[in-house]
Amino acid sequence: MSWLHLVLLAAAAAAAVLLVRTLDKKNRREIVAVYGMPTSVAPDDFGGLETPVSIILFTHADCRACSAAKRICQTFSVPMVEVDGRENQAVLDRYGIDGVPTTLVVDAGGTVLAGWVGPLVPRQIEEALADAGVSSG
């Protein structure tokens, strides 16, 4: 093989790697973009939401991040409603929930004050509750 063939082969390989990386980034953006976050919920879908602020947690039973999010949510002094997506797929569909865990902080009227998809950080809930005027302790 001549040096020209080697140069052409290396250029083709570099172009292929660049193409794969570009397509991979595009696909990841599309996957993230499908995750929905409702702006409001119907309180009756979640038992009434009778307190000024509640947490709604959409989960699946075998999801480790969901279990961790549930433990985090249970440490706060506001009611938490857990919705298992496998048992209540219609509710997830109604609100455009495409990924779990999805955590919502909502007021009594069902307005979503804050929300997150994926692993939860306690500070996120603390800040959302503080913004809503609720003590997180």
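The values are calculated or read from the model by the stated rules, or taken from the named source; none is laboratory data. Computed from a predicted structure; not experimentally measured. Cβ atoms come from the backbone with ideal geometry, glycine included; neighbour counts cover every protein chain shown.
Here are some notes:
- For segment 78-96, the criterion of being in contact with a Pro (Cβ under 8 Å, 6 or more places away or on another chain) and surrounded by 14 or more Cβ atoms within 10 Å (Cβ to Cβ) is met by at least one residue.
- Filter result for L104 (surrounded by 16 or more Cβ atoms within 10 Å (Cβ to Cβ), of a type in the set (A, V, I, L, M, F, W, C) and under 13 Å from S54 (Cα atoms)): yes
- Scanning segment 52-89 for residues that are touching a residue at least 40 places away in the same chain (Cβ under 8 Å) and outside any strand (DSSP E or B) gives P52, H60, A65, A68, A69, I72, C73, T75, F76, S77, V78.
- Scanning segment 106-126 for residues that are in contact with a Gly (Cβ under 9 Å, 6 or more places away or on another chain) and closer than 15 Å to D45 by Cα yields a total of 2.
- Count of segment 34-61 residues which are among the acidic types (D, E) and modelled with pLDDT under 90: 1
- Residue match in segment 127-134 (condition: part of a helix (DSSP H, G or I) and closer than 16 Å to M37 by Cα): yes
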